[in-house]
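Here the structure comes first, spelled out in structure tokens, and everything after it is commentary.
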């Protein structure tokens with residue numbers, strides 16, 4: 001029997017606000033001393049009243065609009081009740097049946113993935129398990145989250161990973177979340193089930209909790225699909241929804257508990273918060289402020305700029321990189337060369353030094369100027385990508401200054417190039433004879449010798465033309 005996997009994702013993304021969801025505590029707790037960003041409100045002390053973070057609501061709306069969701073002008077917060085050591089209130093303030101948005105979608109790699117809803121909630125704290133027990137850090141308690149719930153529209157780990165990567169790009173583009181998984185700002189719960197191929201029925205699922213990297217997401221889904229197929233073939237398929245964990249060392253899922261359903265959480269409207277009522281004009285203004293999204297940029301780069309799909313993907317992955325690239329194109333008016341310089345030379349340096357585009361010294365104006373020097377035959381492409389670029393990257397010096405100070409201007413004087421070509425031909429009679437016999441490799445050798453003798457300064461196209469004219 002052939003099987004088909006059915007996959008849905010819940011993506012939790014920390015919103016990039018200054019303060020927490022319902023109190024004034026600092027929202028940046030990464031690498032901070034435990035339990036210093038906590039107050040009576042986020043710790044759930046008796047008598048303390050939450051207040052909704054307006055900026056978090058606006059950023060949630062912005063992300064929802066970018067995901068093609070319908071914004072609900074009236075929504076509410078609910079108490080999701082559960083007891084766990086890192087949950088100081090004994091409940092989570094979330095949204096259940098009346099979320100701030102619903103019915104969205106995105107398309108990734110030709111697959112349309114429906115989005116059930118994007119809702120707002122606060123986070124729990126963090127448990128660190130040690131030999132003699134567990135330590136609790138409440139710095140994250142109350143952190144504002146967007147939970148993005150997909151429809152079960154994906155059918156393999158690669159589709160799920162591509163969807164998750166696209167969500168990360170989108171929330172970064174609109175400024176709703178930094179979505180930095182190394183800082184715990186984004187994590188996934190993957191629901192996986194299988195069914196005989198051709199069936200449309202949904203069978204009981206296993207939800208794999210707290211996956212915090214794309215590789216972990218892919219590995220966990222692949223393993224769980226294979227595990228469920230083996231179980232089905234052994235006559236022991238998943239009979240009711242279950243919750244699974246992921247052991248990254250053993251690269252396998254493990255049973256945690258039967259899956260809680262909505263009744264288990266005893267949802268009821270949050271009594272300390274009023275209905276969330278949005279102004280339609282505000283929603284319209286947020287929609288107008290949406291930037292060009294990564295999918296639109298990829299299409300523009302390939303169709304309008306003529307760059308390759310790989311280059312378009314790399315350049316559109318990050319909004320800062322995309323802005324940098326577009327500024328370079330605006331200056332040099334050569335998108336293909338701009339894409340080539342950035343993706344092959346600049347990004348290689350950034351990866352080598354483990355820094356991002358904002359932390360290096362070469363401005364878009366400098367790259368644009370460098371490309372214009374190449375296109376106007378002031379310097380060769382090799383000189384630009386080598387000596388000039390290295391100096392720009394090291395010291396932040398303008399390319400024109402480097403070319404002037406180091407005497408790197410390309411020789412385009414016909415008489416001077418003819419002189420060097422004649423010398424090279426005299427020194428290499430055999431390759432000259434090979435060229436006359438129609439051997440193209442010999443011509444490439446002679447051009448290389450001229451470039452070497454001119455210390456790379458001769459215009460290579462002119463060298464080629466002059467040699468053809470001289471070798472008759």
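What follows draws every value from the coordinates through simple rules; no lab data is involved. What you see is a predicted model; the values in this text were computed from it and never measured. Cβ placement follows ideal geometry from the backbone for every residue including glycine, while neighbour counts extend to all protein chains displayed.
Using the number of other C-beta atoms within 10 angstrom as an exposure proxy, rank 307, 432 with the fewest first.
Ascending Cβ contact count within 10 Å gives the list 432, 307.
Quick one: if the Förster radius is 22 Å, what FRET efficiency do residue 86 and residue 249 give, using the C-beta to C-beta distance and rounding to 0.05?
The formula returns an efficiency of 0.45 here.
Average the reciprocal distances over every distinct pair of alpha-carbons in region 340-417, invert the result, and give the Kirkwood radius in Å.
The Cα-based Kirkwood calculation yields 13.0 Å.
Mind putting together the pair-distance distribution for the chain? All Cα pairs, 10 Å bins, whole percent per bin, short to long.
With 10 Å bins starting at 0, P(r) equals 4, 16, 21, 20, 14, 10, 8, 5, 2, 0.
Using 0.36 nm per residue of separation minus the Cα-Cα distance, give me the extension gain between residue 128 and residue 280 in nm, one decimal.
Fully extending the segment from residue 128 to residue 280 adds 50.4 nm.
Hey, how many Å between the Cα centroid of region 339-402 and the Cα centroid of region 155-186?
Each part's Cα centre sits 30 Å from the other's.
So if the hydrodynamic radius of region 122-269 is defined as the Kirkwood radius over C-alpha pairs, what does Stokes-Einstein give as its diffusion coefficient at 20 °C and 1.002 mPa s, in µm² per second?
Answer from the Stokes-Einstein relation: 125 µm²/s.
Quick one: 232, 246, fewest Cβ neighbours within 10 Å first, how do they rank?
Listing 232, 246 from fewest to most nearby Cβ atoms yields 232, 246.
How do 69, 42 line up, fewest other C-beta atoms within 10 Å first?
69, 42
At a threshold of 8 angstrom on Cα-Cα distance, excluding pairs fewer than six apart, so keeping six or more, what relative contact order does region 3-285 reach in percent?
Result for region 3-285 is 24 percent.
Compute the separation of the alpha-carbon centres of region 95-121 and region 217-272 and state it in Å as a whole number.
Spelled out, the Cα-based centre of one part sits 21 Å from the other.
When you count, for each residue, the other Cβ atoms within 10 Å and take the mean per peptide, how do 417-423, 94-100, 401-407 rank with the highest first?
94-100, 417-423, 401-407
Which whole number of Å³ per residue matches the convex hull of the alpha-carbon atoms in region 414-470?
Value for region 414-470: 65 Å³ per residue.
Taking the 0 to 90 degree range and rounding to the nearest ten, how far is the long axis of helix 460-470 tilted relative to the main principal axis of the chain, both from C-alpha atoms?
It is inclined by approximately 30 degrees.
Could you grab the relative contact order for the chain? Cα pairs under 8 Å, six or more apart, rounded to a whole percent.
13
To the nearest 10 degrees, how steeply does helix 214-233 sit against the main Cα axis of the chain, on a 0 to 90 scale?
Compared with the principal axis, the helix lies near 60 degrees.
Between residue 455 and residue 320, how high is the FRET efficiency from 1/(1 + (r/R0)^6) when r is the Cβ-Cβ distance and R₀ = 41 Å? Nearest 0.05.
Efficiency computed from Cβ-Cβ geometry: 0.60.
Quick check on the chain: helices-only [θ] at 222 nm, where DSSP H runs of length 4 and up contribute -39,500 (n - 2.57) each and the sum goes over total residues. Nearest 500, please.
Calculated from helices alone, the mean residue ellipticity at 222 nm is -11500 deg cm²/dmol.
So what are region 1-105's ellipsoid semi-axes, whole angstrom, largest first, if each one is the square root of 5 times an eigenvalue of the alpha-carbon gyration tensor?
Over the Cα atoms of region 1-105, the semi-axes work out to 28, 19, 16 Å.
Please list log₁₀ I(q)/I(0) at q = 0.26 Å⁻¹ for region 250-316, using the Debye equation with identical point scatterers on the alpha-carbon positions.
Rounded to two decimals, the profile gives -1.11.
With the crude spin-label approximation of a point 7 Å out along Cα→Cβ, what separation in nm comes out for residue 103 versus residue 258?
Inter-label distance under the simple model: 3.5 nm.
Based on alpha-carbon centroids, what's the gap between region 424-457 and region 292-322 in Å, whole number please?
Centre-to-centre (Cα) distance: 41 Å.
If you stretched the chain out fully between residue 377 and residue 215, how much longer would it get, using 0.36 nm times the residue separation minus the C-alpha to C-alpha distance?
Taking residue 377 through residue 215 to full extension adds about 53.8 nm, to one decimal.
Across bins of 5 angstrom width beginning at 0, how are the C-alpha pair distances of region 292-406 distributed, in whole percent?
Each 5 Å bin holds this share of Cα pairs: 2, 12, 24, 24, 19, 11, 5, 1, 0.
Expressed as a whole percent, how much of the Cα-Cα distance distribution for region 58-148 exceeds 17 Å?
The calculated P(r) of region 58-148 puts 57 percent of pairs beyond 17 Å.
What residues from region 9-34 fall in the zone where the backbone N is under 12 Å from a label point 7 Å along the Cα-to-C-beta line of residue 178?
Zone members listed by number: 14-18, 27-32.
Note the angle between two axes, namely the Cα long axis of helix 440-453 and the longest principal axis of the Cα atoms of the chain, as a number of degrees from 0 to 90, rounded to the nearest 10.
The two axes meet at around 80 degrees.
Where q = 0.08, 0.09, 0.15 Å⁻¹, what log10 of I(q)/I(0) comes from the Debye formula for region 3-285, counting one point per Cα?
-0.34, -0.43, -1.21
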